[in-house]
Amino acid sequence: MTDFTDDPLYVILRSKREATRFQILVEIAEHQPAVRQQEIAGKLGVTPQAVSEYIRELVDEGLVTAHGRGRYEVTKNGIEWVLRHAEALESYARHINRDIIQQVAVWTAIARDEIHNGDTVGVLMQDGWLYATKEEQSATGLATMDAQPGEDLG
């Protein structure tokens, strides 16, 4: 069985803890050196105490340095950690956009008219439903099957 524990994408998407660490590091990097834990907590929807504990761990791991109260900087190792995880997230988002969403070539609609495979149809939304009709519409599609009025059509 494959061990995904070192895969940045697996780590950040499967673990709320790692996702929160990622977000805290990004917030510190964006606002360093003057960073208020309360502002980070408010942005992330966690308690200031939780942010304090996360920052303490990040300091212990060498990902963040503390320069007194409310003054933090992301270290070189911290930047590398953020970049590695950000690249994994970016790659995943690109995969979703290019390989999954773009590949959805057939959408289901409800036939308003008798429609035959290969017909060019007008496509419209009404009351949250997608309809295909022989009437001209601003959006068009190509029927991939026959359908009677009220039936699903691809």
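Of the chymotrypsin sites (Phe, Trp or Tyr not before Pro) found in segment 5-114, those in coil by DSSP whose Cβ has at most 15 other Cβ atoms within 10 Å are Trp107. Taking the Kirkwood radius as Rh and the Cα radius of gyration as Rg, segment 1-73 has a ratio of Rg/Rh equal to 1.02. A straight chain from Thr75 to Gln148 at 0.36 nm per residue would run longer than the Cα-Cα distance by 19.9 nm. Candidate cross-link partners of Lys16 among the lysines, defined by an alpha-carbon separation under 21 Å and a same-chain spacing of 8 or more, comprise Lys43.
Annotation: average projected area of the chain is 14.3 square nanometres, based on the convex hull of Cα atoms across all directions. Under the convention that each Lys and Arg Cβ holds +1 and each Asp and Glu Cβ holds -1, the size of the dipole of segment 109-153 around its Cα centre is about 120 debye.
Each Lys and Arg adds +1 at its Cβ and each Asp and Glu adds -1 at its Cβ; summed about the Cα centre, segment 8-101 shows a dipole of about 160 debye. Projecting the Cα atoms of Asn97, Tyr131, Leu25 onto the charge dipole of the chain, computed from C-beta unit charges around the Cα centre, puts Leu25 farthest toward the positive end.
None of the figures in this text is laboratory data; all of them are computed from the coordinates on show. Everything quoted here is computed from the prediction, not taken from an experiment. Cβ sites come from the backbone with ideal geometry, for glycine too, and all protein chains shown count toward neighbours.
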